[in-house]
Amino acid sequence: MQQQVTWSPSSDPAVVLLSQRPNFLPTTSNALADRFAVERDGPEGAYSGLPEHDLQILFLPGTSPSDGLAAVIPIDDDILDRIDALSRLARAWLGRPPSRDTRMTTDQRRRFRLRLRAADGRMNGATYREIAIAIYGAARVDPEPWKTSPLRDAAIAFVEGGLALIDGGYLRLLRHRRRL
C-alpha cells in the first residue's frame, strides 16, 4: 500500500533542487552519495529521495549524486518552505535525526484522512448517516435526531472537504499556511 509519489518542484516547494557545486568553493565529500538512488528521470532532471527525512530531491540536468553538490533555492513566495526542506536535507547530511515535515500538523493529517474516507464513502453510495457512523461510531450518532444533528453537518463537511481535495485542493497541503 505504500507508494512513493514524485512531485514536480512547481507543485511542491519541498522538492530540494541540487546542482553541481561551483568550482570556486572548496571541495567536500558528498556524505549522502550512496543514499541517493535515482528513482525517476524527468524533463527537469533526475528524482531521488530520502524517505526517512521526508525529502524528495531533484538533481538538475548535468548533476549526479556523486558530484559535489549545491542547493538551488528560488527566491519566490515559497522560499520559507524551500528553506525548511533544505534544513531537513542538512540534518540528513550531518547525520542528525530526521525532523518532521511541518506543513501539516497531526490534527490536519487526521482530518485529511477523514475527509478522504468520507468522500470515498459518498462516492461509493454511503449516506451521510453511514459516514457519520463510520467516523464517530453508532453509539454517538444513533441517540441524536439526525436532521438536526451537528454530526450530520460534520459528515457533510467532511464529504465536501474530501471532494474539494480530490478536485485539486490537495495541492494547498504542499505549502505552509502563512499569514499575510
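Where a number appears in this text, it was derived from the coordinates with a stated rule and is not lab data. The structure displayed is predicted, hence computed values, not measured ones. Every residue, glycine among them, receives a Cβ derived from its backbone with ideal geometry; neighbour counts consider all protein chains shown.
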task: Being hydrophobic (A, V, I, L, M, F, W, C) and within 15 Å of the chain's Cα centre (by Cα) narrows it down to one of ALA85, ALA132, ALA92, ALA119, so name that one.
output: ALA85
task: Determine if region 126-137 includes at least one residue that is free of Cβ contacts under 8 Å to residues at least 40 places away in the same chain, of a type in the set (A, V, I, L, M) and assigned to a loop (DSSP other than H, G, I, E, B).
output: yes
task: Determine if region 1-21 includes at least one residue that is free of Cβ contacts under 8 Å to residues at least 24 places away in the same chain, β-branched (Val, Ile, Thr) and closer than 19 Å to TYR170 by Cα.
output: yes
query: So LYS147 fits all but one of (1) loosely packed, with under 14 Cβ neighbours inside 10 Å; (2) outside any helix (DSSP H, G or I); what number is the exception?
result: (2)
- line: Counting only residues that are surrounded by fewer than 16 Cβ atoms within 10 Å (Cβ to Cβ), touching a residue at least 40 places away in the same chain (Cβ under 8 Å) and over 15 Å from SER10 (Cα atoms), region 69-92 contains a total of 1
